[in-house]
Amino acid sequence: MTALSHSLVGLSMRALLVLGLAATTAPVLAAAPGAAASSPYYGRWTVSEDRPVFTARGRLYKTIDVVPCGRDFCGVSVDDRGTCGATLFRFLSVHANGTYELRGHGKWGDAKKNLEIYSDGDPEPGADRSFDLYLGDGHDFGGRSESMPKFHASYRRLGNGNCRAS
């Protein structure tokens, strides 16, 4: 082989090695932006009612992908065809480890409302994980009319979340 051929073969082998290393480490790097990859919140979630009825604003919350986004984790709307939509809410990754109560803000039309998520904690072995989501003007979603949530739903997990937050 000529010196040029040896150089090209060496260069090609180094390129393949670098590409191979990048391909094997990319999933690890993507899953480690500061949030726990095994969070009980991560995944695709849908309202657990058999025949839910939604307003136009509430429809965005029918199915949600909860996924890492930067150093946080976000809820991304998913339509009936599986198309990813708007980012509805964001929580700090420190809470992604399974905190049973999350408080923040969520998108409600053009406005932001207070948002709370209550996890079922650690379900019985074999039981599915679930959570309740409340969205409204207060953080005390009790029985008083001024503190009633604008939206409330119970969610069950469907599988892995595939959307990316915008």
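Directionally averaged projected area (the stretch 64-105, Cα convex hull): 3.2 nm².
Amide H of residue 150 versus every other amide H placed in the peptide plane: which residues, excluding those fewer than 5 positions away on the same chain, fall under 5 Å? Amide H neighbours of residue 150, under 5 Å, 5+ apart: 135, 136, 137.
Model label points for residue 156 and residue 92, set 7 angstrom from Cα along the Cα-to-Cβ axis, are 3.4 nm apart.
No value in this document is a laboratory result; all are computed from the given coordinates. What you see is a predicted model, and the numbers here were worked out from it, not measured in a lab. Positions of Cβ are generated from backbone atoms using ideal geometry, with glycine treated the same way; all protein chains shown enter the neighbour counts.
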